[in-house]
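> Can you read through this structure? Questions will come right after.
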Amino acid sequence: MASVTLRGLTVSLDGAGPAALRDLTLEVLDGELLVLLGPSGCGKTTALRCIAGLEHPTAGDVLIDDRVVTRVPPADRNVAMVFQNYALYPHLTIGENIGFALEVRGASRADIDRRVAGVAARLGIADLLARRPDQLSGGQRQRAALARAMVREPAVFLLDEPLSNLDANLRVELRAELVALHCALGATMVYVTHDQGEAMTMGQRIAVLHEGRLLQVGTPAEVYQRPADVLVARSLGTPAMNILAGRARGTADSIEDRMFESGSLRIPVALPTYEGEIQIGVRPEHVGVCAVDKGAGNGDILIVELLGNETVVHLNAGGQPLIARLPGLVDVQVGTRVGLKVDRRHLHLFDASGVRIP
Amino acid sequence: MTGSRRWTVMTAALAAIIALAVLGAARWKEGRFARAGAVRIARSTAAYFTIVTPVNKADSADLDLTHLFAQARALATLPGWVWPVEIYHGTAPLVDAGGEPLPAAELDRVPEWRDGAALVPLRGRSDGTPATVVGVAAIRPAHPGGVAALWPGWGIPAALLAVGVAAAAAAGRRSRRDVIVAAVLLGLAAYADVRGAARRSSNDWLTATRLLMQEAATRLPGPRIRVTLSDLMPLTLGGAELVWGDSTTQEPRRARLRGTQVAVVAARLGSGRWADLRTTPAEAFTGVWLAGLLALALLGPLGFAALEWGERTAAGEVREAATAWAFLAPAGLHLAMFTVAPMLFTLYLAVHGASGGFLEPVRPYIGLTNLRAVVRDPLVWGSLATTALYALYVPVTTALALAVALVLRRPGRAALVLRAAFVLPVMTSGVAVALVAQSFAGLGARDWLGSPRSALLVVMVLSAWTQLGAQMMVFVAGLQRIPDTYLDAARVDGANAWQRFWRVTFPLLKPITLFVLVTGVIGAVQMFTYVYVLTGGGPLHATDVIMRRVFEIAWDSLEFGRASALSLLVFVLLLAVTALQFKVLARESRVEHA
C-alpha cells in the first residue's frame, strides 16, 4: 500500500487556453479512499491521469510513497486504473483481459491462470472468463475491469467514474460493493466522480475541484457541514444549498442588530466585522414555513414536490428563489403566500467572492 | 365484383399477355429463320443456274435463255424439290411463263424479300470481274405438308397451359410453384419451336443444295469428264464446306467435328462418288433465345407474385414500395447496364466461338473449348506466375503503409503535409506516372526496364509507391477509430510500445488490414496500366501480368472468347484467394469497440 502526494500540480493540456489543473496540492493517505469530486471539465480526470502517468504535468510533482514519479512511465508506478468506459480490450476474452498486465510483465502461465481465477472468483465473474467484452452486460464489464485492476495487486487504484455508464440501481449496488472491496483490500484508492451521492457515500475524504483548482478537501461530514466555498456548498446536497446574495446592514457597535437583506428576506446575521456585500447559504432543510409576516420574510409557492417522507417547496421570496425541504407530507398550495423561517444556527456565510467567512 | 374475382381476372390477363409475348417473339424468330433459309436456298439456286447454264453466244455476259428456260423448268419438277421457285430472265418469269413479270426497277436493286419470297440476283458468268445481273432467282419457303401441317408447335399448347395454371393459381387451386413450372415449360416450348425452325432452315438448305449439286454434276456444260468439287464450290456460298466423303446418308444429320457441332448431308456426285456438304447448324446460335424466352416467360410468375403482394398489401404500402423502386431504378439500371450486362456478355463470349469480329451477331455455342484452350496455353500459366510474383509487393506495401500511418497518425501540420505527399501519387493518372517512371528508368548506366531480371521489380516499386498513400490513409482512418483508452489501459497495465502495438493496436486494426490486403491483391491482379505503358509485357514476358495477357488475347489475337474465358478464370482465382485471405486473417476480426 502507498500514499499519493500531488505537489503543486499544474497541467496545460494544449499550451493555450485555461490550464486543466492549477497548482493542485493534495495528499492521499495510505489505504484511504479519496474521492475527487467536481463537474465535468474540472480537471479531476486529468489529476487521475497524472497519477497514472498518462498525462505529464507542466509543473509540480507526483509522489507515490514519497518517491517522485513525475517522469516515471505508467508501467513502473505500480498503479492500476479503471476507465470510465472500462477499456476492456475487445479482441481478448475476459480472462485474457484480466491476465494482460501479468502477461506483458512476463509472469508464468500457471501464475497468471491462478491469479486470474482467484480475482475472478472474488468478483463473481469466474464463469465469464471465456467470453468477450461485447458479450457482457454493463455490470459484468465493470467487474471485469475491476478484476483487471485488482489482479496486479497494485499500490494504488485509480477509478475514473467507473459507475457512470451503469443504470441507477446497479450503480447503488456496485458502489456498496466497491466500498466493501476497499475495506477488504485496504488499498489506496483515488475515485473520480461527478456524482455527489457517490462522493458522500464512498469517500473517506472528498476533494472538491473546480476549474482546475482544489476548493476543499475533508471528510464528507466536514465538507457538507462547513463548505469552504459557495461552489463546494452547492455541489453537495440535494436539492442544492440556497445561496442568498445581499448586503449585510447595520451599525458597527451592535453586532446583534446587523440585518442581512435579500429579496423579501431579512435575516439577523452576526459578523465580526462589517462586510457589505455577502452571500448566505442555507440548506433547504433549514428553511421552514410559517404564517405570513411571522418569519424572516414572505414567499410565494411556485412548485410543490411531494416525496412521501418529505415535501420540497420551491418559493419566490421577493425575487430571490428559495427551496425549502419540509419533513413529511405538508399541505401547502401552489400560488399561496407563506411566511419563511430560517434556522439561524445553520447559516453559512460567504464573502462576495464566495469564500467562507469563518 | 369481389376483390378475389378481380384478382383472378387480372392474373389471367397478365398471364395471357406474357404468353402472347412469348409466342409472338418465338413466332417472329421462326419467321426469320424460315426467311433466312429461303434466302440461302435462293442464293444457292442462283449460283446453280450461273454454273450450269452456258453463256449466250451473242453476249458472253448473259446466260443462254433457251438453256436457262429448260433448266428452270427442270428444277421446278425435280423430285424432292419442294420449294416454289421462279426464275426471271431479265424481268420475265420462266417457270410460270404467264406469271407477273418482275418490276424493272427491282432488277437494278433486288429486294431480299418480297411477298413471302426470297429474291436473289442471278448473275452471268465472268472471269474475275463482277458479273452482271441477268435475272433473279425467287424461292418461297416450303410449308410442311400432310400431318405435320396440323401440328401447331409446342408453344401454343404450353401457352394455354400456362394461362390456365395462372388462373387456377389465382383462384387458389394451384400453388405458386406450379405457376413457375408452367412458365418454364412455356419458355422451353417456345424455344423448342424456335430451335425447330432453325434446324429446319439448315436442313432445308442442305437438302436443296444437295439436290442442286447432284443436278449440277450431270448438267455442267462440257467439255469435262468428271465434276470436281471446285466446280460446285459456288453453291456452298462460301460459308459451308464441301469435301469428298464416303457417307451415303442423303438425309441431313448432325455430327461433331473438331469439337464443334456441324450439319452434314451427303451428295452423290456420280457413281460411287460422294461428297459431304457441311455447314454450321443454325440452331447453334439459338442459346440466347433460350435465355431470352425463359426470362420473358418468367416475367409471368414475377408479375403473379407482384400482383399477389399488391392484393394482400394496403394501398399506401404498395405506393411506398412503388416509390422505393422508382428511386432504386436509376442505380439498378446503371448496375445492370455497366456491371451485370458486361459480366453476362463475358460469360456469353467465353462459351461461344467466333470466326472473326468482336460484335459478330451469331456465334456457335462451344462450351468449355475456350477455357480449355486458355488452360493449355503455357503463356497464361507464365502470366499467372508473374502476377503472383508481382502481387508480392502488396504485403510489403501494406506493412510500409501501416508503419507510415503509425508515424503520421497524430494531427499536426507536418503530418498533414507528409500525408498529402504520400497520397499525391494516388491522385495522379497512372499513365502519367508510368511515363515519368519510364524516363527515370532510362537514366543511369543500367536499362532497368530492358532487363528481364529487373523490369518486374521496377513495376512493383512503382505500384508500391502509388499504393502506399492510399493504404496509409485507410490505416490512418483505422487508427483514429481505435479509442485512446485501450492504449492508455495497456500503458497502465505495463505494456511497452512494442507490446502495445502487437497486442492492442494491430489486433484492433485487423479488419482494416484485411480490407487493405484484399483490395490490394485484387488491385494487383487487375493491374494493367504500368505494364502496358512501360514494357508491353516484355522483355521476354517478364512483366506479362495476367490482365495484359487477357488484353493481348483479346485485342492482338482477336480471340474475344478466350480472353473472356481467361477473365472468368482470373475472377474465380481471385475469389478463391480472397476467400482464403478472409479465412486466414478474419478469424477474430469481428471486433466492436464496446
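> How many residues does segment B:108-130 hold that are buried (at least 17 other Cβ atoms within 10 Å of the Cβ), at pLDDT below 85 and either of a type outside the set (Lys, Arg) or part of a helix (DSSP H, G or I) (or both)?
2
> Here is a follow-up. What single numbered condition from (1) closer than 26 Å to A:ALA184 by Cβ; (2) within 11 Å of another protein chain (Cβ to nearest Cβ); (3) buried (at least 17 other Cβ atoms within 10 Å of the Cβ) fails to hold for A:ALA120?
(2) is the only condition that A:ALA120 fails.
> For residues that are surrounded by fewer than 21 Cβ atoms within 10 Å (Cβ to Cβ), under 51 Å from the mean Cα position of the chain (by Cα) and touching a residue at least 12 places away in the same chain (Cβ under 8 Å), tally how many sit in segment B:478-504.
Final tally of qualifying residues: 4.
> Look at B:LEU462 and say whether it is assigned to a helix (DSSP H, G or I), in contact (Cβ under 8 Å) with a residue 24 or more places away in the chain, within 14 Å of chain A (Cβ to nearest Cβ) and under 38 Å from the mean Cα position of the chain (by Cα).
Details: assigned to a helix (DSSP H, G or I): yes; in contact (Cβ under 8 Å) with a residue 24 or more places away in the chain: yes; within 14 Å of chain A (Cβ to nearest Cβ): no; under 38 Å from the mean Cα position of the chain (by Cα): yes.
Spelling it out, it is not the case that B:LEU462 is assigned to a helix (DSSP H, G or I), in contact (Cβ under 8 Å) with a residue 24 or more places away in the chain, within 14 Å of chain A (Cβ to nearest Cβ) and under 38 Å from the mean Cα position of the chain (by Cα).
> Hey, another quick one. Taking helices (runs of 4 or more DSSP H) that do not extend beyond segment B:504-569, which have at least 1 residues that are among the hydroxyl-bearing types (Ser, Thr, Tyr)? Quick ask: steps written out before the conclusion?
Values: elements: B:506-526, B:529-534, B:546-551.
Where helices (runs of 4 or more DSSP H) fall fully within segment B:504-569 and carry at least 1 residues being among the hydroxyl-bearing types (Ser, Thr, Tyr), they are B:506-526, B:529-534.
> Further question on the same structure: Of everything in segment A:201-219, what is free of Cβ contacts under 8 Å to residues at least 60 places away in the same chain and crowded, with 19+ Cβ neighbours inside 10 Å? Give them in sequence order.
Within segment A:201-219, the subset free of Cβ contacts under 8 Å to residues at least 60 places away in the same chain is A:201, A:215-216, A:218-219.
Result: A:LEU215, A:GLN216.
> In segment B:322-354, how many are surrounded by fewer than 10 Cβ atoms within 10 Å (Cβ to Cβ) and either modelled with pLDDT under 90 or of a type in the set (A, V, I, L, M) (or both)?
2
> For segment A:129-141, give me each residue that is away from chain B (no Cβ under 14 Å) and within 18 Å of A:ASN165 (Cβ to Cβ).
Restricting attention to segment A:129-141, the residues satisfying the condition of being away from chain B (no Cβ under 14 Å) are A:129.
Once the filter is applied, which keeps residues that are away from chain B (no Cβ under 14 Å) and within 18 Å of A:ASN165 (Cβ to Cβ), segment A:129-141 yields nothing.
> A further question on this structure: Cβ-Cβ below 6 Å, separation at least six or inter-chain, first residue in segment B:413-440 and closer than 13 Å to B:SER463 by Cα, second among the acidic types (Asp, Glu): which pairs?
No pair meets every condition.
> Still on this structure: Test each condition in (1) on the phi < 0 side of the Ramachandran plot; (2) among the aliphatic types (A, V, I, L, M); (3) within 10 Å of chain B (Cβ to nearest Cβ) for A:VAL35 and report the one that comes out false.
Of everything listed in (1) on the phi < 0 side of the Ramachandran plot; (2) among the aliphatic types (A, V, I, L, M); (3) within 10 Å of chain B (Cβ to nearest Cβ), A:VAL35 misses just condition (3).
> Same structure again: A:PRO74: under 22 Å from A:VAL192 (Cα atoms), more than 13 Å from chain B (Cβ to nearest Cβ) and crowded, with 19+ Cβ neighbours inside 10 Å, yes or no? Break it down into steps so the answer makes sense when it comes.
Working: under 22 Å from A:VAL192 (Cα atoms): yes; more than 13 Å from chain B (Cβ to nearest Cβ): no; crowded, with 19+ Cβ neighbours inside 10 Å: yes.
In short, no.
> Given the conditions (1) within 14 Å of another protein chain (Cβ to nearest Cβ); (2) surrounded by fewer than 22 Cβ atoms within 10 Å (Cβ to Cβ); (3) over 23 Å from A:ASP111 (Cα atoms), and given that A:ASP160 satisfies all but one, which numbered condition is not satisfied?
All conditions pass for A:ASP160, except number (2).
> Exactly one of (1) under 30 Å from A:PRO74 (Cβ atoms); (2) modelled with pLDDT of 90 or more; (3) away from chain A (no Cβ under 14 Å) is unmet by B:ARG491. Its number?
B:ARG491 satisfies every listed condition except (3).
> Scan segment B:518-532 and tell me whether some residue there is surrounded by fewer than 21 Cβ atoms within 10 Å (Cβ to Cβ), closer than 30 Å to A:ARG132 by Cα and either within 11 Å of chain A (Cβ to nearest Cβ) or of a type in the set (A, V, I, L, M) (or both).
Yes, there is a match, as at least one residue in segment B:518-532 is surrounded by fewer than 21 Cβ atoms within 10 Å (Cβ to Cβ), closer than 30 Å to A:ARG132 by Cα and either within 11 Å of chain A (Cβ to nearest Cβ) or of a type in the set (A, V, I, L, M) (or both).
> Tell me, yes or no, whether segment B:507-517 has at least one residue that is farther than 30 Å from A:PRO154 by Cβ and without any contact (Cβ under 8 Å) to a residue 12 or more places away in the chain.
no
> Keeping to segment B:494-514, report how many residues are aromatic (Phe, Trp, Tyr) and within 7 Å of another protein chain (Cβ to nearest Cβ). Steps first, answer last, please.
Residues of segment B:494-514 aromatic (Phe, Trp, Tyr): B:498, B:501-502, B:506.
From what's left, within 7 Å of another protein chain (Cβ to nearest Cβ): none.
Looking only at that region, the number is 0.
> I would also like to ask the following. Those residues that are within 19 Å of A:HIS346 (Cα to Cα), at pLDDT below 90 and either polar (S, T, N, Q) or not in a strand (DSSP E or B) (or both), I need them from segment A:283-310; list them, please.
A:GLY295, A:ALA296 - these are the residues of segment A:283-310 that are within 19 Å of A:HIS346 (Cα to Cα), at pLDDT below 90 and either polar (S, T, N, Q) or not in a strand (DSSP E or B) (or both).
> In segment A:100-114, how many are in contact with a Leu (Cβ under 9 Å, 6 or more places away or on another chain) and within 14 Å of chain B (Cβ to nearest Cβ)?
The qualifying residues number 2.
> Something else now. Only one of A:ALA80, A:ALA87 is farther than 19 Å from A:THR188 by Cα, aliphatic (A, V, I, L, M) and at the interface with chain B (Cβ under 8 Å from one of its Cβ atoms); which?
Numbers: A:ALA80 fails: farther than 19 Å from A:THR188 by Cα.
From the options A:ALA80, A:ALA87, the qualifying one is A:ALA87.
The values are calculated or read from the model by the stated rules, or taken from the named source; none is laboratory data. It should be emphasised that the depicted structure is a prediction, and the values quoted were computed from it without experimental measurement. Neighbour counts run over all protein chains shown; Cβ positions are idealised from the backbone, glycine included.
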